[in-house]
Every structure is written in C-alpha cells, then in structure tokens.
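**Q** The structure under discussion is supplied below as structure tokens; questions concerning it will follow.
The values are calculated or read from the model by the stated rules, or taken from the named source; none is laboratory data. Keep in mind the model is a prediction, meaning the values are calculated, not measured. Here Cβ is always computed from backbone atoms with ideal geometry, including for glycine, and neighbour counts include all displayed protein chains. These accessible areas exclude ligands, DNA and RNA; they are computed on the full protein's heavy atoms, side chains included. Shrake-Rupley method; radii C 1.70, N 1.55, O 1.52, S 1.80 Å.
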There are 2 protein chains.
Amino acid sequence: MIVTVTPNPAEDLTWHVDRLLPGETHRVAAGASRAGGKGINVARVLAAEGHEVITLATAGGATGARLADDLSRSGLHHALVPIAGETRRSIAIVDETSGETSILNEHGAALSPAEAAALVAEAAHLGRRASVVVISGSLPPGLDPDAIAALVAELIAAGVAVVVDTSGPGLLAAARARATVLKPNRDELAAVTGESDPVAGARVLLDEGARLVVVSLGAEGLLVLDASGEARGIRARLPEPLHGNATGAGDAAVAAIAAALAEHGELRDAGDADTTAARLAMARRATAWSASAVLMPLAGALSPDHAALEAQVVVTTLEPSEPQQPRESA
Amino acid sequence: MIVTVTPNPAEDLTWHVDRLLPGETHRVAAGASRAGGKGINVARVLAAEGHEVITLATAGGATGARLADDLSRSGLHHALVPIAGETRRSIAIVDETSGETSILNEHGAALSPAEAAALVAEAAHLGRRASVVVISGSLPPGLDPDAIAALVAELIAAGVAVVVDTSGPGLLAAARARATVLKPNRDELAAVTGESDPVAGARVLLDEGARLVVVSLGAEGLLVLDASGEARGIRARLPEPLHGNATGAGDAAVAAIAAALAEHGELRDAGDADTTAARLAMARRATAWSASAVLMPLAGALSPDHAALEAQVVVTTLEPSEPQQPRESA
C-alpha cells in the first residue's frame, strides 16, 4: 500500500478562457472544482494505475468540506485531519489560445500545534502499514520542517520507503532525515542548495543524507542521482517536448517513483544489476507519466498513451567526472 | 420601500495579486467571497445609505447556498427563488500594480419555465408594495425578455417606478413596457440601438416608450434624457476622473436613481420646476455615487466622501438642436 500525505491541500478551481486579457471582462463556462494538492494528485494517478493508495490531508472550513465531498465522490481512499482554519484555494485560468495556465495559489491557513501533531501522528500511523509514503507539496505555517524530518526518520527506521516532494527548509530537513527519494524541480533545488547546476545541487542533498534525488527539469525530462559515488547518474527525456498543462506533471513523476518503489523496493543498492534495471525503468516511467500528465486538462490524470510514450523515452547516463555532459547510452 | 431584482446573481470571488502575469504562478492571500450580482450591489448601497430595501434573486446549488449565507450574514433583507441549476460565479483578479481588474463571468444556469414564472411572480408580489423596483443585470437563459416586459408593465400600471439596468433584448423590451428609467452604459446602448452617439441612442429608447434614459459614460460621467421634447438633456461629470475599481460603479448610479425616485417620485413631469431640480440633484448624486464606488475595493459600497464628491459634480444642459455639444449651465 502507498500513503500520500498533503500537508497543505487546496480546492482546485479551474476556468478556461478563449484568451486571457488582463483588465478585461471575459464570459466563461462554469469552472471545475475539485480536491487538489500535490499528494492528492499523486494518489489519483496511482489509484488510476491500479495501486492501493490512501491519501491523507487536512481539511477546514467550507472549502475543506468541499474538498472532503470531492474526495468521497472520487472514490479515493482518504483520511482527513480536521483543522480550524479554512482550506486554501488554488485558481487556474487556462488560456485556450496561448495554451498558458495562470495560477493563483492562496497561502495555507496556519496549523495549531495540536493540528500539526495530529497530522504527523496520522501520517505515521497510516505510513507504518505502507510500503511507500509520499509527502508532497508545501508545508503550511505551523508545520515545522523538523516535524516532517522526524516523521521521515521514523518511517525509514520502520523499513518504509519515503518520497518527499517539497521545497525550502522542508526539503533540506527531509534530506537530513535520509529520505529514500527527494523530487525537487530545478528551481526548488537551486533555491535550497545555491547551486544553479542540478547535478551539483542534487549532490548537496545526497551529501546531506538523501538516498536518491530525482530532479524534474520540465520539458527537458529528469535527472536521477544516488548517494553512491560508484553509480552513474541517469538522465531521461522525450525526444521532443510535449505542450499542454504542466500542472501536475511533477506529481505524475512522483507517482511513477512511488510505484517503482512499491514494486521493486528501495532502488538504492547501487551496483546491483536488478536495481540498476529498476532505476532505469523508473526513470523511463517517471518521464513518460510526467509528459502524459501535460496532455491532460486537469492535474492528477495521465493520458491513455503513457505506455507508448514510455517506449520513446531516451535515457542517457552521466559521466561521474563530467556531470553536465550527458552521453547517449546503449 | 425599494425592491431590487437580480435575475442572474453570482458568487463574487475576488483575489488581489501584486502583478498578474499570464502563464505564471502567483502566491496570493485568501480571496473574498460574497453574494454578487448587479441588483444585490444596488441593494447594498441603498441599505448603507439608510433606505429600506429588499433584494430578490435566484439561488441554486452549493454556490447558491453560499450566496444565501452571505446575504443572511450581511443583514440585507432578501428573498431567494430556489432553482435547480447552480448559481454562477464571477471571478475578479485585481492587479495591485496596474490597478486593472480582470473579470471572468460564468454563464448563468438556465431557469426552467416554472422557475422563471416564480421569479417574476415574486418580483410582482414584492414590487406592488414598493415605491421603486430595480431590475438589474443580465437575464439568464430561460427568462424571456417578454416576461420582464410584462413585469415592468404590471408594476408601472400599479403606480410603481421601475428602473431597468440590463442589456440586449431585455433593454428594448423594458423600453417598450414604458419603464420609468433605463440605465444602459454606452456600449450596451450602442449594441441595442445601433447608434454610436449616446444621445441618439437614448432617443431610440425614449421613442420606444422609456420615460427617462440615463446613460453611464464611465469616467466621463453620465447623460440624462427624457421623453419630452421640451426638456433639455443633462450631462453630469466630475472635473477629473477618479481611478480605481470600476466594478459596481454603474450599480451605485442605479442606487442613486432609485433613491431619487423613492424621495421625489417619478421625475418625469418635464417643465415642472421641482422636477427639474430633483433631476439635477439625481444626476449629481448618481455621478458622485458612481465615482465614489470606483474608490472602493468591492462592488456595492461607496467611499465615505461621496457627499463631498457630489459638490464637485459639473452639470451641463444639452442644447436640443445640438445634442453632442454640451453647454456649461449656471
């Protein structure tokens, strides 16, 4: 079983306009509202791909009630920690002409100490019964990065694989807690490590304690690097980038990573031939799922042709001495 | 008592961004949600200015429930006709740097024939006890302009003054039903009459049967024209336009017109000195209230200095023979 944790979920509201003209009035069809947040998107993808998954989030106020309603309607197994604050909203306006999506993310309501403790305790309770726990998205005010680090350490000690996709101090705390996989994007990695080169940035997180770092590079695919000095890094990408709605692309990659961990274990015994093959398969799948999410109008879904995309993924290995010069693999 | 009718209300959602950059992700504070729609904005202004007012609208679905909650919280006297469809939303994104507001207006849900009949019957029932009825905003699908015309005619026959602020076929139908005042803006007037000159456009509506036409001209103020060939038209404006949120400026003008009708009767006996004075006062007040609404962040409110603004309004009379050449009045 896989558990996904979303400390700062949102009601996702999406509207489509012919052309977004700032300062103008636009007539639009009724918008879509659904439960959102990165861990919830990950769970949707995993459930659609046949994995047993429980998604854990907070919920408060009228927005939280709508989030709970939508999770119930969707059939996703879920657990919600009630909070006094109002669950935030995330607004997406899709410009049908340019294909660009403009996003407004509300700040999350602060958690009280008791609410933060309840969320972490529930994550630990559910997580101990899981093979993989995914912690995704921003940490709301009141949820200390140290509390997330303690959760990661407790789960790792219990033999559970932990994937963390967050930014800022939480990303560094998860590295120090020896998370199984960290999945920052290029900007998040640079902000935390001060390294503009993603390979150098990943090395910083690995040096801090992370076991594997997957850096999502948008249309340029992703990088996989591990803590072993022996194993070469992997770069995976599609021959041609796909255009569409990038919201949820990173979450689809995280879902692929979690699925690989659930199927193949921790993927971290570098040098083992089976592990190397499993890592290559994970990199292909994460790239294909991420790209196929771009083709879908809403986050948390893959286009039906993701298996065909997987076959097109180009995987290259990185020379340990020349991390920025990928070399085509056999 | 004044009754305002909003056939196509909305949940107004407003977010503020530092700078709206299409295609980018923005961090924003929690948005504001409140009951919106032009007749509801008119009622808010009238209630704040001490008038007895009841606001009538439709409400359906979860959005309708939120609209009802907000009306109850606001203390506005209201009546809601339940509908099966979902009340629409209107999204405003205020760019704090440019001062521009980008608006997405959802189409309204269609009314069933029974729902449309119930709305018109309730408007007639409440309206017969009122001195003034205001019908504001777009007509949703399923609400025939002829039904609005019949309502206007019934109320006029009962001695009630009727102000209509709508566009398209509903505006023409209200003119033919001899509405007391029509309040189109320049674009709405041009679209219905085919006349680009607002004085010529107003004459078309007067010829169709309207008793008085007030054309809102945005930062250029407004025009008042009546059905009598004898009386001169009035143009009112501030010496300098004000900058801010134009949403609700027209509704504030309609509130001022309704207040003037409630205080002074129908304002239509052209040539009577008292009526002329009352019309000039109405034009001043409508201009000042409209401008003072521009200074407020949300529609349905006036800035506290609207009385001071009223003293600054410049009123000119139009020469009957030269409608486009306003002349400064004494």
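**Q** Of the residues that make up region A:188-202, is at least one within 14 Å of another protein chain (Cβ to nearest Cβ), touching a helix residue (DSSP H, G or I) at 6+ places or on another chain (Cβ under 6 Å) and open to solvent by 30 Å² or more (accessible area, probe 1.4 Å)?
**A** no
**Q** Considering only region B:275-289, how many residues are touching a strand residue (DSSP E or B) at 6+ places or on another chain (Cβ under 7 Å) and surrounded by 20 or more Cβ atoms within 10 Å (Cβ to Cβ)?
**A** From region B:275-289, those touching a strand residue (DSSP E or B) at 6+ places or on another chain (Cβ under 7 Å) are B:279-280, B:283-284, B:286-287; that's our starting set.
With surrounded by 20 or more Cβ atoms within 10 Å (Cβ to Cβ) added as a condition, the list becomes B:279, B:283-284, B:286-287.
Of the residues in region B:275-289, 5 are touching a strand residue (DSSP E or B) at 6+ places or on another chain (Cβ under 7 Å) and surrounded by 20 or more Cβ atoms within 10 Å (Cβ to Cβ).
**Q** OK, next. Which ones in region A:272-330 are basic (Lys, Arg), within 20 Å of the chain's Cα centre (by Cα) and modelled with pLDDT under 90?
**A** Going residue by residue through region A:272-330, those that are basic (Lys, Arg) are A:279, A:284-285, A:327.
When the remaining residues are screened for being within 20 Å of the chain's Cα centre (by Cα), the result is A:279, A:284-285.
Matches in region A:272-330: A:Arg279 only.
**Q** Further question: Strands (runs of 3 or more DSSP E) wholly in region A:21-115 with at least 3 residues that are away from chain B (no Cβ under 12 Å) - which ones?
**A** A:32-36, A:53-59, A:77-82
Here is a yes/no grid of residues against (1) open to solvent by less than 20 Å² (accessible area, probe 1.4 Å); (2) in contact with a strand residue (DSSP E or B) (Cβ under 7 Å, 6 or more places away or on another chain); (3) closer than 22 Å to A:Ala114 by Cα:
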{"site": "A:Ala32", "(1), (2), (3)": "no, yes, no"}
{"site": "A:Lys38", "(1), (2), (3)": "no, yes, no"}
{"site": "A:Asn41", "(1), (2), (3)": "yes, no, no"}
{"site": "A:Val53", "(1), (2), (3)": "yes, yes, no"}
{"site": "A:Ala57", "(1), (2), (3)": "yes, yes, yes"}
{"site": "A:Gly61", "(1), (2), (3)": "no, no, yes"}
{"site": "A:Leu67", "(1), (2), (3)": "yes, yes, yes"}
{"site": "A:Arg73", "(1), (2), (3)": "no, no, no"}
{"site": "A:Thr87", "(1), (2), (3)": "yes, yes, yes"}
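**Q** Go through (1) farther than 17 Å from B:Ala32 by Cβ; (2) more than 22 Å from the chain's Cα centre (by Cα); (3) open to solvent by less than 30 Å² (accessible area, probe 1.4 Å) for B:Pro82 and report which single condition fails.
**A** Of (1) farther than 17 Å from B:Ala32 by Cβ; (2) more than 22 Å from the chain's Cα centre (by Cα); (3) open to solvent by less than 30 Å² (accessible area, probe 1.4 Å), only one is false for B:Pro82: (3).
**Q** Which residue out of A:Val152, A:Val164 is modelled with pLDDT of 95 or more, under 18 Å from the mean Cα position of the chain (by Cα) and not in a helix (DSSP H, G or I)?
**A** Details: A:Val152 fails: not in a helix (DSSP H, G or I).
None of the other options fit; the residue is A:Val164.
**Q** Further question: Would you mind stating whether A:Val5 is over 19 Å from A:Ser131 (Cβ atoms), open to solvent by less than 50 Å² (accessible area, probe 1.4 Å), outside any helix (DSSP H, G or I) and away from chain B (no Cβ under 14 Å)? Before you say what the answer is, go through the steps one by one.
**A** Working: over 19 Å from A:Ser131 (Cβ atoms): no; open to solvent by less than 50 Å² (accessible area, probe 1.4 Å): yes; outside any helix (DSSP H, G or I): yes; away from chain B (no Cβ under 14 Å): yes.
In short, no.
**Q** Filter region A:116-149 down to residues that are assigned to a loop (DSSP other than H, G, I, E, B) and either in contact with a His (Cβ under 8 Å, 6 or more places away or on another chain) or under 22 Å from A:Asn105 (Cα atoms) (or both), then give me how many there are.
**A** Result for region A:116-149: 8.
**Q** Restricting to region A:192-216, count the residues that are under 16 Å from A:Ala283 (Cβ atoms) and small (Gly, Ala, Ser). Before the answer, list the steps.
**A** Narrowing region A:192-216 to residues under 16 Å from A:Ala283 (Cβ atoms): A:198-199, A:202, A:211-216.
Subsequent filtering for residues that are small (Gly, Ala, Ser) retains A:202, A:216.
Within region A:192-216, residues that are under 16 Å from A:Ala283 (Cβ atoms) and small (Gly, Ala, Ser) number 2.
**Q** Might you check whether a residue that is surrounded by fewer than 17 Cβ atoms within 10 Å (Cβ to Cβ) and over 20 Å from B:Val294 (Cβ atoms) occurs anywhere in region B:214-225?
**A** no
**Q** Taking helices (runs of 4 or more DSSP H) that do not extend beyond region A:179-264, which have at least 2 residues that are out of contact with any strand residue (DSSP E or B) (no Cβ under 6 Å at 6 or more places or on another chain) and within 17 Å of A:Leu309 (Cα to Cα)? It would help to see each step written out before you state the result.
**A** Numbers: elements: A:186-193, A:198-208, A:249-264.
In region A:179-264, the matching helices (runs of 4 or more DSSP H) lie at A:249-264.
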